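In what follows, a single structure is set out as structure tokens and then discussed.
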Amino acid sequence: MKNGNTQEQGSGDALPFLEFAAPGVLELRPYEPGMPVEELQRRLGVANAIKLASNENPLGASPKVRQALAQAAQGNLALYPDDGGFRLKAKLAALHGVGPESITLCNGSNTLLDLVARVFLGDGRAAMYSEYAFAVYPLVTLAQNAEAIVVPALPPDSAMPYGDDVDGFVRMLRPDVAVIFIASPNNPTGTWVEAAEFERFMARVPAHTIVVLDEAYHAFQDPALRIASGRLMRSYPNLMITRTFSKAHGLAALRVGYGVAHPRVTDLLHRVRQPFNNGTLALLAAELALDDTDHVARTVELNTRERARVAAALQAMGLRTLPSQANFLAIDFGRSSAPIHQALLEQGVIVRPMGSYHLPNFLRVSIGTESENDRFLGALRQALHP
Ligand SMILES: *Cc1c(COP(=O)(O)O)cnc(C)c1O
């Protein structure tokens, strides 16, 4: 199962130590991030580029956070942060109606996925995720030499095209499945699992299997559609949720995410996390971002309005988008999206190709401000009808 892009040839060559590299790691493809604005400027010399490629908050961080950070930068940066993240953890515990012993703070919620894998996965165990699931799930699974069971997505002509098929998960369950990863809403599709369906699913998952419900896009979802994950966690100690400050809270630069889980699970995650895994400024920013509910509300309102407007404009151009409850749209071009991606880059508009997700006909575009979205739509018209 060589992935073709590795350079190592194993023993016999000049680098015999590769024999001891974890086999799962040798199979991995590194995560492909959205292209930073600076890189486009370096590569194509395009000035004034906009990035709609990593689902960041187009309004940026809360002004209250930025102000507090400017002040905090004058403080004593020589001291290690509060390792327990006491204040942030207390706020999150109150928000979720649990004790602080159920909260794990992490340097981005991706790190939390890695901790789960390190505790629960390994040789002889398996993880399950959907065909078009978030790229970090295969990464953390393979890195532990665990087996990946990839569940075929719902068909393209279904009500939730390319979405997670929770009945399919149940059908493919095996006794060695230690972890199930499900994002709802999911990245890169924007699709979601219906609340009632998820409840039926939880009732059928064995108690020895940890279900990680990744709620990175929770804030953007219509409250009427959200999974009652807090209530479900009280019935199912094997259910944990992850959230992030990188999306609706606009703090992707600072790397803060967290998990809510049974205290026993949380205790295990804490054993493998690195000490001081959140910086002082990151902890402060997350606390204040949590308090500024108006900023999150403005962000969500902009996203809901603009997501509908962009989707309608794309439809008017004859393009199909997947149903989305997140802050991005997956667009199906019905043919390779690579030339369109390139034409957009040349006009200074960075979006995300989905070839690494085995969806080479798609592009994923994050919802920006009104003017960013107009610029994207204009560049796309140009790309399609040069
Ligand atoms: C963006 C994203 C995350 C969050 O990543 P961070 O490490 O917290 O920045 C987690 N899961 C999904 C599905 C995402 O799209």
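Every number here is computed from the coordinates shown, using simple stated rules; none is lab data. Note that the coordinates shown come from a computational prediction; the quantities given were computed from them, not determined experimentally. Neighbour counts run over all protein chains shown; Cβ positions are idealised from the backbone, glycine included.
Which residue out of Leu225, Leu254 is of a type in the set (A, V, I, L, M) and surrounded by 15 or more Cβ atoms within 10 Å (Cβ to Cβ)?
Details: Leu225 fails: surrounded by 15 or more Cβ atoms within 10 Å (Cβ to Cβ).
One residue alone meets the criteria, Leu254.
Tell me the residue from Asn303, Asn278 that is crowded, with 22+ Cβ neighbours inside 10 Å and over 22 Å from Thr191 (Cα atoms), please. Lay out the reasoning, then the answer.
Values: Asn303 fails: over 22 Å from Thr191 (Cα atoms).
Asn278 is the lone residue from the list that is crowded, with 22+ Cβ neighbours inside 10 Å and over 22 Å from Thr191 (Cα atoms).
Given the structure, is Ile241 hydrophobic (A, V, I, L, M, F, W, C), assigned to a loop (DSSP other than H, G, I, E, B) and more than 10 Å from the ligand (Cβ to nearest atom)? Considered against the rule, which asks whether it is hydrophobic (A, V, I, L, M, F, W, C), assigned to a loop (DSSP other than H, G, I, E, B) and more than 10 Å from the ligand (Cβ to nearest atom), Ile241 comes out as no. Scanning region 362-386 for residues that are crowded, with 18+ Cβ neighbours inside 10 Å and either free of Cβ contacts under 8 Å to residues at least 60 places away in the same chain or in contact with a Ser or Thr (Cβ under 7 Å, 6 or more places away or on another chain) (or both) yields Phe362, Leu363, Ser366, Ala379, Ala383. Of the residues making up region 299-313, those that are in contact (Cβ under 8 Å) with a residue 60 or more places away in the chain and over 21 Å from the mean Cα position of the chain (by Cα) are Arg309, Val310, Ala313. Scanning region 318-349 for residues that are surrounded by 15 or more Cβ atoms within 10 Å (Cβ to Cβ), out of contact with any Ser or Thr (no Cβ under 8 Å at 6 or more places or on another chain), of a type outside the set (A, V, I, L, M, F, W, C) and under 18 Å from Ile50 (Cα atoms) turns up His341, Gln347, Gly348.
What are the residues in region 247-269 that are within 16 Å of the ligand (Cβ to nearest atom) and in a loop (DSSP other than H, G, I, E, B), if any?
Lys247, Ala248, His249, Gly250, Leu251, Ala252, Ala253, Leu254, Arg255, Val256, Ala261
Under the condition of being free of Cβ contacts under 8 Å to residues at least 60 places away in the same chain and part of a loop (DSSP other than H, G, I, E, B), the residues counted in region 136-158 number 7.
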